[in-house]
Amino acid sequence: PKYPGSFKLSYYNEYKSYLSVMPRRPARDNAESMSELLDELEKKPVLRALQPVATALLVKPIHTLTVLLQVGYEPLAPVYRQRSFFKFVFHEGYYYPSMFQYIKYLREKHGTYLILYRGLTPRLTSAFLTTTVRNEILSLVPKSTSRCPPEQIVHEMGRQCLATTGAVIASHPFFVITNRMIVSLIGGEKSYDSVWSSIKTIYSDGGLVGFYDGLVPHLLSEILSVSTETLVVEVAEKFEIEKKIERALGHSLRIMFIASSALNSVIVYPIQLTAVISSASTAGLAVSDIPSMQGTDKGWVACFKGLWRGGNTKRGNNLWTYRKANVETYHTPAGSAVKDKTN
């Protein structure tokens with residue numbers, strides 16, 4: 001049946017009045033939703049510990065390529081390229097191929113893309129141990145009760161550094177195992193094919209001390225990283241820097257996150273690179289024959305100085321653009337700079 005228009009209008013007006021008295025949930029932006037999600041994760045230690053494990057699993061192929069580039073393994077010869085904005089080449093010269101060609105080379109050499117997940121088990125174990133130990137120490141050390149902002153910042157930095165120190169000491173053996181399993185791809189050593197064989201090899205060659213090769217630069221890099229991040233975050237929170245920028249510009253730019261990332265890239269990355277090289281240079285693997293690895297087994301200080309003098313402190317820092325070759329003909333082809341030391 002057809003109802004008169006007046007009935008429809010009255011029904012619509014009643015519906016509008018009903019909506020006007022209903023309690024409305026205030027609109028929330030993405031930042032508030034994300035903060036609530038993080039708060040929920042903080043209440044569940046298991047999920048909090050598994051979060052970095054999931055992240056490590058997703059980025060493992062990128063991590064494998066990064067470690068190979070950090071030790072200076074460039075199996076593909078550089079190619080001369082002219083200026084091109086689209087391909088991120090701003091100066092003419094010799095550049096190594098992109099990471100996709102690198103991945104294709106590894107797949108052709110080893111027969112499967114799964115080689116990019118080399119060292120996955122110790123990598124995930126390291127991520128789990130790091131998060132678990134860090135959170136346990138943070139839960140035992142109370143936060144500052146002082147009302148003085150500088151004292152609060154110093155106390156929080158010390159608290160974070162203490163937790164980071166314990167986490168690095170607990171997880172460093174798996175850091176060493178992961179790096180050595182990855183760099184053993186260069187020479188094809190069978191002694192680092194699995195976690196168990198890696199543990200036996202490291203113990204037989206260097207004892208318990210061998211599991212802590214490169215500990216000092218690893219610990220130093222992590223402490224510097226967490227100190228820089230904590231300092232930037234605490235200063236921004238105490239003095240409301242981001243809120244002032246947001247009010248001035250009308251939107252948030254995450255200035256503190258950008259500043260922290262930039263400082264880490266300049267200050268921390270060279271020491272992280274030294275830690276990776278130091279953990280693999282004393283293993284007696286074929287990677288030691290790469291020209292860029294010569295002299296790195298004389299201690300982490302000598303390794304850092306060598307990287308600094310050679311202008312290689314950023315090696316492996318960027319996978320998404322073409323990497324400029326320092327020397328036109330330098331690369332590490334199989335059977336040339338790298339000898340087969342298969343056990």
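When the solvent-accessible surface of protein heavy atoms is calculated with a 1.4 angstrom probe, in what order do Asp213, Asp297 fall, highest first?
Ranked list, largest accessible area first: Asp297, Asp213.
The accessible-area ordering, largest first, of the residues Phe128, Phe174 stands as Phe128, Phe174, per a 1.4 angstrom probe.
Work out the length of the dipole vector of segment 141-207 about its Cα centre, built from +1 on the beta-carbon of each Lys and Arg and -1 on the beta-carbon of each Asp and Glu, and round it to the nearest 20 debye.
So the magnitude is around 180 debye.
In segment 95-152, a dipole from Cβ-located charges (positive for Lys and Arg, negative for Asp and Glu) runs towards its positive end, and of Ile115, Pro142, Gln101 it is Gln101 whose Cα lies farthest in that direction. Of the cross-linked pairs Lys109/Lys314; Lys60/Lys109; Lys109/Lys190, those separated by over 25 Å at the C-alpha level are Lys109/Lys314. Proximity of backbone amide H atoms, modeled 1.01 Å from N, is registered between Tyr95 and Val79, Tyr80, Arg81, Ala325 at under 5 Å, excluding neighbours fewer than 5 places apart on the same chain.
The fraction of Cα-Cα pairs per 10 angstrom bin, counted from 0 for segment 125-201, comes to 18, 32, 23, 15, 9, 3 percent, rounded to whole percents.
Please list log₁₀ I(q)/I(0) at q = 0.33 Å⁻¹ for segment 190-236, using the Debye equation with identical point scatterers on the alpha-carbon positions. For the requested q values the scattering log ratios are -1.03.
The values are calculated or read from the model by the stated rules, or taken from the named source; none is laboratory data. Bear in mind that the values here come from a model prediction, so they are computed numbers and not experimental data. When we count neighbours, we look across all protein chains shown, and the Cβ atoms used for this are built from the backbone with ideal geometry, even at glycine. Only protein heavy atoms, including side chains, enter the accessible area calculation; ligands, DNA and RNA are left aside. Shrake-Rupley method; radii C 1.70, N 1.55, O 1.52, S 1.80 Å.
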